[in-house]
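Following: one structure in structure tokens, then a few remarks.
The values are calculated or read from the model by the stated rules, or taken from the named source; none is laboratory data. All values reported here derive from a predicted model rather than from experimental measurement. Here the Cβ positions follow ideal geometry from the backbone for every residue, glycine too, while neighbour counts run over all protein chains shown.
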Amino acid sequence: MLRKELRWVGKAALLFVIAVILQSLILSRVSILGVTADLFLILTVVVGLGRGSLEGAVFGFLAGLVHDTIYFQILGVHSLIFVLVGYFVGMFVTRFGTVNLWAIFVLAGVSSFAAQLVFGVVQFAMGPRAAFFAMVGTQMIPEAVFDALIAIPIYALLVRVRILTAPGPEKVQAGAGAE
Amino acid sequence: MPRNKVAWRRLIFVVLIIASLALLTVSVRQADSGPVHAIQQAGVSMLSPLQTWGARAAKPFQDGYTWIRTLWSAHKQAEDLAAQLQQLQGEAVKLREEAEENARLKGLLDFQEKGTFPEGTQFKVARVIAKSPTRWESWIEIDKGSADGIREDQAVVGATPNATDSLSGKGLVGKTVSVTAHSAKVQLITDVGSSVAAKIQGYRTEGIVEGSVSGQLTMNYVDRDVRVDPKLIVVTSGYGGVYPPSIPIGIVSNVGEEDVSAYKEVEVQGFVDFRVLEEVMVLIVPTTATIPSMSTTTTTPGLNTVTSGGNGVTTLPGLGLTSTTSTTSTTLSPTGR
């Protein structure tokens, strides 16, 4: 059991490295409609989907730390947001069962939008008061769609290379009522 | 230590939330030189070589992508510019046409203002819509007709498109010969059947300007004893009832005389270039027009002057023109031509 957990930790560490590389090299340079995808958020969502709320929250916390570090943001903002994202996505899967493409799309999109909304509120409260509602149309919604679209192949890839396991009905039944 | 898995999860979740909030609070409250920022800067320092290397490795691909994107946008821009150019060329042609039309109309307006026309004359600007297809006839068709007040035997004047502010390039075009509701046919003065009573300015020498198949204007019935010099201006004399007096026709270009003829043959170069006419003005002269300085006696040889019973009626035989005068005004009316 412990060995299995350690293997997962190793895989998660590998995911981090890959995420940093991909985010720095590719995704931050590919902008569609003026927005770039947030791989740390997407990975938090797919980990929550594939591993459950505990792993999702822990992964989200660490991913948020790295995110804030790389992008020179207030340390802790994205940790808080991603912890919530990872935890609630994991909880959702545990409660509602198997995951299909639409569920991934919707969960990733909603998570991305919610994460940006919270970050926008923090920015609005602490930083320069940019046109918040204009950002909804120009930044939040396009990025949510972009993240949702990218989340599907990433989830499929991670399940295929066995870093994640797709939740099945038996797991849902086992986890029913347990969050 | 929590006993079940759910409680354990909840505990970790709460711990992570608290840790995040603590980090956030410390990060916000702490000065830039504080330990949290130092850790963050250390993390950035660790990751920056990776990012630098990544940026370097990605540059060729990025350049390629930029090149393709630029190529695509350049291609699209070229298409847009081509479409824009086509549209602008169309607009330029339209504007040029409008400018030329303006110049022509300005010429006509200038002529209307500077020319000498009978009092109360109305000017009806009309567009030339057709021209005689052969040189046997010289006429134009205009887009104004009886509905616009046009009648037969009304004088028509025009201006050459490039006419200057002076009266050169502006002059007599002809007269209306047949009229429909919305069009009229104008016989040009160059038509072989056209005759215009005219005089040479300065010398007061009178004659008849006639057209020809070649388009050349000739002033006939000019007494050979009268001196006529080239470059003198020929204007309408006002006799005949169709053409009001003093409308410029052209300038004397050549004077010829034959021993056997009693008259000089004066070649006249018309002011108006009939080949490029696009707009003309029809003169609607009031039925009783006051024409000052009109003499009832004419000295033109060959144009027999007949005054019947002192009633002031002057007839020019052979031309079918009748001029009726009173003490204050002269009324012109055609008698057959």
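Return the residues of the range B:111-123 that are in contact with a Leu (Cβ under 8 Å, 6 or more places away or on another chain) and outside any loop (DSSP other than H, G, I, E, B); say none if nothing qualifies. If the condition is that a residue be in contact with a Leu (Cβ under 8 Å, 6 or more places away or on another chain) and outside any loop (DSSP other than H, G, I, E, B), then B:F111, B:K114, B:Q122, B:F123 are the ones that fit. Specify the residue that is nearest to A:I70 (Cα to Cα); the eligible residues are those in the range B:58-85 that are among the small types (G, A, S) and modelled with pLDDT of 75 or more. Among those that are among the small types (G, A, S) and modelled with pLDDT of 75 or more, it is B:G64. Residues that are more than 7 Å from chain A (Cβ to nearest Cβ), over 15 Å from A:V77 (Cβ atoms) and surrounded by 13 or more Cβ atoms within 10 Å (Cβ to Cβ) within the range B:26-45 comprise B:G34, B:I39, B:Q41, listed in sequence order.
Taken together, the residues in the range A:73-88 that are modelled with pLDDT under 90 and at the interface with chain B (Cβ under 7 Å from one of its Cβ atoms) amount to 4. For the range A:59-76, the set of residues classified as surrounded by fewer than 24 Cβ atoms within 10 Å (Cβ to Cβ), in a helix (DSSP H, G or I) and of a type in the set (A, V, I, L, M) consists of A:L62, A:L65, A:V66, A:I70, listed by residue number.
Among the residues of the range B:83-122, those that are under 14 Å from B:I247 (Cα atoms) and among the acidic types (D, E) comprise B:D110, B:E113, B:E119. For the range B:46-74, which residues satisfy the criterion of being within 8 Å of chain A (Cβ to nearest Cβ) and under 30 Å from A:Q123 (Cα atoms)? If the condition is that a residue be within 8 Å of chain A (Cβ to nearest Cβ) and under 30 Å from A:Q123 (Cα atoms), then B:L47, B:L50, B:Q51, B:G54, B:A55 are the ones that fit. When only residues in the range B:222-281 that are among the aromatic types (F, W, Y) and assigned to a loop (DSSP other than H, G, I, E, B) count, which is farthest from B:T160 (Cα to Cα)? Per the criteria, the residue is B:Y239. Among the residues of the range A:10-54, those that are over 17 Å from the mean Cα position of the chain (by Cα) and free of Cβ contacts under 8 Å to residues at least 12 places away in the same chain comprise A:G10, A:L25, A:I26, A:R29, A:V30, A:S31. The residues listed here are B:L85, B:L16, B:L23; of these, the one that is free of Cβ contacts under 8 Å to residues at least 24 places away in the same chain and more than 9 Å from chain A (Cβ to nearest Cβ) is B:L85.
For residues that are out of contact with any Phe, Trp or Tyr (no Cβ under 8 Å at 6 or more places or on another chain) and surrounded by 19 or more Cβ atoms within 10 Å (Cβ to Cβ), scanning just the range A:28-44, find the one that is modelled with the lowest pLDDT. Checking each candidate, the answer is A:S28.
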